[in-house]
Amino acid sequence: MNLERVSDTDKLELCRKYYVGGFFFLPFLWFINFIWFFREAFIRPPFDEQKQMKKYLIKSCIGSVLWTAALVTWITLFQLNRAGWGPTADAISFIIPKGIP
């Protein structure tokens, strides 16, 4: 979609939808929201909906960073301790590696 052809009100509504969508375990939407609307909210000359859009984008950025940090932490923790967790780790693994840990 070309954002230049969309009204400011529609941009704000789409930004809000992406922000709300991120709460349904889709934090990638927050990242896309921030990247896609950054220029509209922070670089473009002021317009009426810009203040609300900035709030959504700042919250989207914070949420995306927190989710990424949590995911990296979990992946690192799981990979380093999977063998030591025994059957519990096997129960939550999608693929169980073969061989001796």
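Among residues of the range 49-75 that are under 17 Å from Ile35 (Cβ atoms), those with a beta-carbon under 9 Å from a residue that is polar (S, T, N, Q) and crowded, with 16+ Cβ neighbours inside 10 Å at least six positions away or on a different chain give the pairs Tyr56/Asn33; Leu57/Asn33; Ser60/Asn33; Cys61/Asn33; Ser64/Asn33. Scanning the range 49-101 for residues that are outside any helix (DSSP H, G or I), surrounded by 10 or more Cβ atoms within 10 Å (Cβ to Cβ) and charged (D, E, K, R) yields Glu49, Arg82. Scanning the range 15-31 for residues that are under 10 Å from the mean Cα position of the chain (by Cα) and hydrophobic (A, V, I, L, M, F, W, C) yields Phe23, Phe25, Leu26, Phe28, Leu29, Trp30, Phe31. Within the bounds of the range 26-34, is there any residue that is on the phi < 0 side of the Ramachandran plot, surrounded by 13 or more Cβ atoms within 10 Å (Cβ to Cβ), in a helix (DSSP H, G or I) and of a type in the set (A, V, I, L, M)? Yes: one or more hits.
The numbers here are math on the coordinates, done by the rules we state, and not lab data. All values reported here derive from a predicted model rather than from experimental measurement. Virtual Cβ from ideal backbone geometry, glycine too; neighbours counted across all protein chains shown.
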